[in-house]
Amino acid sequence: MDIKQEWKEKGYVDEAVDGSLDLKAEIRRLCREKNAVILAHYYTVGDIQDVADFVGDSLALARKAAETDARVMVMCGVHFMAETCKLLSPEKTVLCPDLTAGCSLADSCRAEDLRRFKEEHPGYQVVSYVNTTAAVKALTDCVVTSGNAKRVIDSFPADAKIIFGPDRNLGNYINSVTGRDMLLWNGGCHVHEKFSVDEIVKLRRLHPHAVVMAHLECRGPVLDLADVKGSTAAMLDYAQAHPEVGEYIVATEAGILHELQRSCPAARFHPVPPEVSEGGLGCSCNECEYMKKNTLRKVYLTLKYGWPAVEVDPAIAADAVKPIERMLEL
Ligand code: 13P
Ligand code: SF4
């Protein structure tokens with residue numbers, strides 16, 4: 001098979017790169033040449049965060065995508081994040097270093113299942129987490145991120161009937177802090193579902209003064225142990241605002257440690273390990289293999305070839321952008 005055809009089917013550009021090339025310098029040169037910006041999520045590898053124009057959580061990345069003047073965006077994250085950029089800036093080219101970088105949470109809600117569920121529940125409005133496909137967003141009234149979910153739900157009338165999906169952990173948490181009784185979709189993130197309560201208890205014993213931080217996608221028993229519960233940006237904000245705290249126990253994807261350590265060099269951060277699988281050895285941190293599909297080499301090749309680019313079916317895009325814009329207005 002023709003090599004380019006093979007790459008196309010794999011969803012990324014792959015070719016050997018001269019080992020003597022300074023990839024970061026080449027990436028910056030290509031960005032200038034092509035009027036491109038690199039947006040990266042906190043879960044990508046440190047090298048990508050270091051070369052990016054902007055690093056953020058899902059909410060900040062969506063805002064940045066809506067306001068950038070650049071002609072090209074390279075979204076280093078996962079597929080739904082690149083789709084969100086394309087929906088907000090359809091006239092721009094949105095490159096994705098690896099189109100196969102998916103998301104288990106987005107996969108846990110298929111548009112055809114949500115459509116059926118809506119038909120079974122007339123009178124309900126749908127609030128969807130940003131970790132969803134464009135087709136699911138097209139069936140949604142308002143999008144939320146972990147950074148603004150409570151604020152957005154608080155803006156709905158007290159008697160509003162709401163279907164919330166796909167993350168049941170985030171939904172349960174929002175129900176508990178708003179006193180709502182939203183109907184929850186039964187989805188979850190395979191990374192955040194795995195954090196071990198026992199390991200947090202052990203780490204706490206070893207580091208009694210540490211503050212425990214957990215992402216809202218974690219299970220209830222993990223959130224119950226956390227002093228700080230929120231999005232990736234909320235964890236960073238907390239650590240930056242509390243220089244007196246010397247130690248943290250962190251229950252979210254391990255990529256966040258790069259920015260935590262960079263912005264708070266005096267503090268120590270202990271990642272929470274996942275549950276040990278039966279017969280397995282376990283590992284000391286918990287990574288999202290989809291986020292880790294982004295590599296410097298793929299970013300370089302993506303910029304060099306201007307491919308692969310994310311496209312959204314215009315018939316879906318027209319409806320999918322509305323709930324994102326509603327969120328950004330709120
Ligand atoms: P944030 O919105 O906190 O960046 O989270 C995105 C995500 O995918 C968490 O797993
Ligand atoms: Fe999706 Fe989970 Fe990876 Fe976040 S960590 S991108 S929710 S699979």
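The values are calculated or read from the model by the stated rules, or taken from the named source; none is laboratory data. Only a predicted model underlies this, so the values are computations on that prediction, with no experimental measurement involved. Here the Cβ is made from the backbone with ideal geometry for all residues, glycine too, and neighbour counts use every protein chain on show. The area values use the complete protein model at the heavy-atom level, side chains included, leaving out ligands, DNA and RNA. Shrake-Rupley method; radii C 1.70, N 1.55, O 1.52, S 1.80 Å.
Within the stretch 57-80, if we keep just the residues that are in contact with a Ser or Thr (Cβ under 8 Å, 6 or more places away or on another chain) and farther than 17 Å from Val143 by Cβ, the residue that is farthest from ligand 1 (Cβ to nearest atom) turns out to be Arg71. Pull up the stretch 191-207, narrow it to residues that are closer than 21 Å to Leu236 by Cα and outside any helix (DSSP H, G or I), then point me to the one that is nearest to ligand 2 (Cβ to nearest atom). This residue is Val191. With respect to being open to solvent by 10 Å² or more (accessible area, probe 1.4 Å), modelled with pLDDT of 95 or more and more than 13 Å from ligand 2 (Cβ to nearest atom), Gly188 falls outside the description. Restricted to the stretch 81-94, and to residues there that are buried (at least 24 other Cβ atoms within 10 Å of the Cβ) and within 16 Å of ligand 1 (Cβ to nearest atom), the residue that is nearest to Pro157 (Cα to Cα) is Thr84.
Results for (1) more than 16 Å from ligand 2 (Cβ to nearest atom); (2) buried (at least 21 other Cβ atoms within 10 Å of the Cβ); (3) among the basic types (Lys, Arg), shown as yes or no for each residue.
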site: Ala234; (1), (2), (3): no, no, no
site: Val250; (1), (2), (3): no, yes, no
site: Gly255; (1), (2), (3): no, yes, no
site: Ala266; (1), (2), (3): yes, no, no
site: Pro271; (1), (2), (3): no, yes, no
site: Val276; (1), (2), (3): yes, no, no
site: Asn286; (1), (2), (3): no, yes, no
site: Leu296; (1), (2), (3): yes, no, no
site: Val299; (1), (2), (3): yes, yes, no
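In the stretch 211-225, the residue that is nearest to the chain's Cα centre (by Cα) out of those that are open to solvent by 10 Å² or more (accessible area, probe 1.4 Å) and away from ligand 1 (no atom under 16 Å from the Cβ) is Gly220.
Take the conditions within 16 Å of ligand 1 (Cβ to nearest atom) and over 15 Å from the mean Cα position of the chain (by Cα) and apply them to Val228. Does it pass? So Val228 fits the description; yes. In the stretch 95-121, the qualifying residues are those that are within 19 Å of Pro323 (Cβ to Cβ) and in a loop (DSSP other than H, G, I, E, B), and the one that is nearest to ligand 1 (Cβ to nearest atom) is Cys103.
Within the stretch 26-42, is there a residue that is within 16 Å of ligand 1 (Cβ to nearest atom) and not aliphatic (A, V, I, L, M)? Working first, answer last.
Filtering the stretch 26-42 down to residues within 16 Å of ligand 1 (Cβ to nearest atom) leaves 39-42.
Restricting the remaining residues to those that are not aliphatic (A, V, I, L, M) gives 41-42.
Taking every residue of the stretch 26-42 in turn, at least one turns out to be within 16 Å of ligand 1 (Cβ to nearest atom) and not aliphatic (A, V, I, L, M).
Scanning the stretch 194-210 for residues that are away from ligand 1 (no atom under 16 Å from the Cβ) and among the charged types (D, E, K, R), we see that the one that is most open to solvent (accessible area, probe 1.4 Å) is Arg205.
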